[in-house]
């Protein structure tokens with residue numbers, strides 16, 4: 001099952017969204033929260049969540065602030081902004097905060113389901129108007145990516161997840177809790193990561209991962 005949490009302050013839109021997701025047997029909505037504060041409190045009780053569908057404008061704590069906090073503490077959880085705003089300012093802030101996808105609330109159920117599945121396999125789904133703005137921002141900043149050499153390192157999906165958690169400053173026990181595995185399993189994965197990256201420390205591993213866009 002794909003485990004979903006929703007952050008949305010409009011109760012009517014929550015019902016609409018839950019109804020859209022109810023068409024799909026492999027999706028379960030575990031909880032819905034009215035703001036970022038409530039969402040973070042709910043995750044402290046149960047962070048066994050695959051994807052958060054996150055509104056931007058909410059009282060107490062908005063979606064961008066919540067995204068930044070959640071991605072720092074639970075980097076394994078995917079966050080998809082689900083909003084009415086597609087302006088460059090919100091898109092840029094959401095991406096910088098760590099959002100994995102950005103789609104508009106008008107998305108139909110079938111497209112929403114496809115976007116959720118794309119997110120789960122490592123994609124970054126975006127509504128076309130949002131993707132266009134993101135490309136424009138990239139071009140205007142003249143971003144230059146280093147040569148892609150990801151494949152030669154042959155990191156598994158789990159190893160990439162653990163590497164991402166390490167980059168957030170989490171320790172073995174925190175990573176184990178987030179990924180629902182034992183600390184000894186985390187330690188073994190890290191040993192294998194060091195061997196594949198040909199490094200000897202966490203700092204070296206993170207620096208190399210960032211250089212080659214492994215994170």
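Quick note: the coordinates plus some simple rules give every number you see, no bench work behind them. Values in this document were obtained by computation on a predicted structure and should not be read as measured data.
Just the number: Rg to Rh for the range 29-80, Cα atoms, Kirkwood Rh, two decimals. Don't skip to the answer; put the middle values down first.
Working: Rg = 9.7 Å, Rh = 10.8 Å.
Using Cα coordinates only, the ratio equals 0.90.
For the chain, the longest principal axis of the alpha carbon atoms and the long axis of helix 36-45 meet at an angle near 60°.
Axis angle, to the nearest 10 degrees, between helix 157-167 and the longest C-alpha principal axis of the chain: 90 degrees.
Taking the longest Cα principal axis of the chain as reference, the axis of helix 128-140 is set at about 50 degrees. Above 24 Å, the calculated P(r) of the range 2-140 contains 21 percent of its Cα-Cα pairs.
Kirkwood analysis of the range 54-104, using all unique Cα-Cα pairs, places the hydrodynamic radius at 10.7 Å.
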